[in-house]
């Protein structure tokens, strides 16, 4: 690389301070040394980078471009330094994961366990969020990897298939729909529902489908977890849409019946999302690769 790192640091300091003397103090250099490095940088670039004013300095369009790329370079170097420091301390990085409850309740625990067995020194920070919040966290840099439903608007993200979540109708064994081999969602809308919390993708999906049919969901209550939903349905306080794999575990100890839905939308794709796969740390990239590889086993044949 023909550009000197120290000269780029001097340039960034000058651009941000807009003053040669303050930039020199910030870089612990003499003003003459700063001036010399800036002139050398302009000679290398082949274009003026700075505009000299009587009481300060500004940037030319070429200087603005160099400032943008220099800042990106220093952020990447800081990230590299941080990651290498973690290796030196015996911690091979950490990954911030945000996921929807449906994935956390079914597929992710097994894949996380496999990942941590393979990479015992990588730390996973796992947070449950709704789909839109996961997208925002990825875009803002508050999360490295997100797992959410495929119908979530993943504006500007890269996504990869991860698995399938099949929704079924959960009813108590005393309910009049309990003996049906299957049911259409439209035929359930005459009954009261126990629903998920209002901000969830499942809640949005239920109401969107009902509106498309010219109907509405009769919702007795919102609860914050699938476990609470299952327990309330078992007491015949309403019906609910729940993931099939999860409902199977509840039927082992609750008086619940699973009734398949015939609607195509009840089979939902789960995706892994990242802001830019090329900018992921080694640890985050390793997790994405494992989740993507799990797609084959996590996607049953319809």
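The values are calculated or read from the model by the stated rules, or taken from the named source; none is laboratory data. Please read these numbers as outputs of a predicted model, since none were measured by experiment. Don't worry about glycine lacking a Cβ; one is built from the backbone with ideal geometry, like all the others, and counts go over all protein chains shown.
Among what's in the stretch 1-46 and is more than 41 Å from the chain's Cα centre (by Cα) and outside any helix (DSSP H, G or I), pick the residue that is nearest to residue 77 (Cα to Cα). Here the answer is 29. Before we move on, is residue 204 buried (at least 18 other Cβ atoms within 10 Å of the Cβ) and without any contact (Cβ under 8 Å) to a residue 60 or more places away in the chain? Yes; evaluated as a whole, the condition is true for this residue. Against the conditions (1) surrounded by fewer than 18 Cβ atoms within 10 Å (Cβ to Cβ); (2) under 21 Å from residue 165 (Cβ atoms), residue 221 satisfies every one except (2). Looking at this structure, is residue 120 over 10 Å from the mean Cα position of the chain (by Cα), surrounded by fewer than 16 Cβ atoms within 10 Å (Cβ to Cβ) and either modelled with pLDDT under 95 or more than 18 Å from residue 287 (Cα to Cα) (or both)? Yes: the conditions hold for residue 120.
Checked against the criterion of being in a strand (DSSP E or B), surrounded by 11 or more Cβ atoms within 10 Å (Cβ to Cβ), in contact with a helix residue (DSSP H, G or I) (Cβ under 6 Å, 6 or more places away or on another chain) and touching a residue at least 12 places away in the same chain (Cβ under 8 Å), the stretch 61-77 has no qualifying residue.
Only residues that are on the phi > 0 side of the Ramachandran plot and without any contact (Cβ under 8 Å) to a residue 24 or more places away in the chain were counted across the stretch 233-274, and they come to 0.
To keep it simple, each residue is scored yes or no on (1) buried (at least 20 other Cβ atoms within 10 Å of the Cβ); (2) closer than 25 Å to residue 260 by Cα; (3) at pLDDT below 90; (4) in the same structural domain as residue 258 (by TED's automatic domain parsing).
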{"site": "101", "(1), (2), (3), (4)": "yes, yes, yes, no"}
{"site": "108", "(1), (2), (3), (4)": "yes, yes, no, no"}
{"site": "115", "(1), (2), (3), (4)": "yes, no, no, no"}
{"site": "124", "(1), (2), (3), (4)": "no, no, no, no"}
{"site": "135", "(1), (2), (3), (4)": "yes, no, no, no"}
{"site": "145", "(1), (2), (3), (4)": "yes, no, no, no"}
{"site": "155", "(1), (2), (3), (4)": "no, no, yes, no"}
{"site": "174", "(1), (2), (3), (4)": "no, yes, no, yes"}
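Taking the stretch 208-302 and the strands (runs of 3 or more DSSP E) fully enclosed by it, the elements with 3 or more residues that are over 22 Å from residue 184 (Cβ atoms) and modelled with pLDDT of 95 or more are at 267-274.
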